[in-house]
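The values are calculated or read from the model by the stated rules, or taken from the named source; none is laboratory data. As the structure is a computational prediction, the values presented were derived from the model and not from experiment. Methodologically, a virtual Cβ is constructed for each residue, glycine included, from the backbone with ideal geometry; neighbour enumeration extends over all protein chains shown.
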Amino acid sequence: MAEHAAAGHPTTEHAVVSIVDGNALAGLLQDALGPDPTMVRLECAHCSDAYVLAQAVVELEQNSALVRCRSCTHTLFVAQRSRGALVVRTGTVDLTFSR
């Protein structure tokens, strides 16, 4: 585990940040998604409108879904079933959830 001071960190001016692997996110993601993913809060980076997933506009196909902002129609993310996994594509990263 590595640590460094993070100037401008949102919590404090000089917070100490620990550099760890992705396992540290497991609890956060479980807490965030909870038992009802339709209640996950979304905020559009383009227009700043915020709402829960259940209120988003979804273009649904057999193995994929394109999730759009309900206000400005920009793409928020794409979810696709692929080879026994769910891949969620955001602008810069693909999150793969194996079954």
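Inside segment 71-99, residues that are within 17 Å of the chain's Cα centre (by Cα) and among the charged types (D, E, K, R) make up a count of 3. Filter segment 67-93 for residues that are surrounded by 12 or more Cβ atoms within 10 Å (Cβ to Cβ) and of a type in the set (D, E, K, R); which is nearest to residue 50 (Cα to Cα)? That would be 70.
Total residues in segment 38-66 satisfying the condition of being touching a Leu at 6+ places or on another chain (Cβ under 6 Å), under 18 Å from residue 97 (Cα atoms) and loosely packed, with under 13 Cβ neighbours inside 10 Å: the figure is 1. Taking the criterion of being outside any loop (DSSP other than H, G, I, E, B) and at pLDDT 70 or above, the residues of segment 1-28 that qualify are 14, 15, 16, 17, 18, 19, 23, 24, 26, 27. When segment 52-63 is filtered for residues that are in a strand (DSSP E or B) and either on the phi > 0 side of the Ramachandran plot or touching a helix residue (DSSP H, G or I) at 6+ places or on another chain (Cβ under 6 Å) (or both), only 52 remains.
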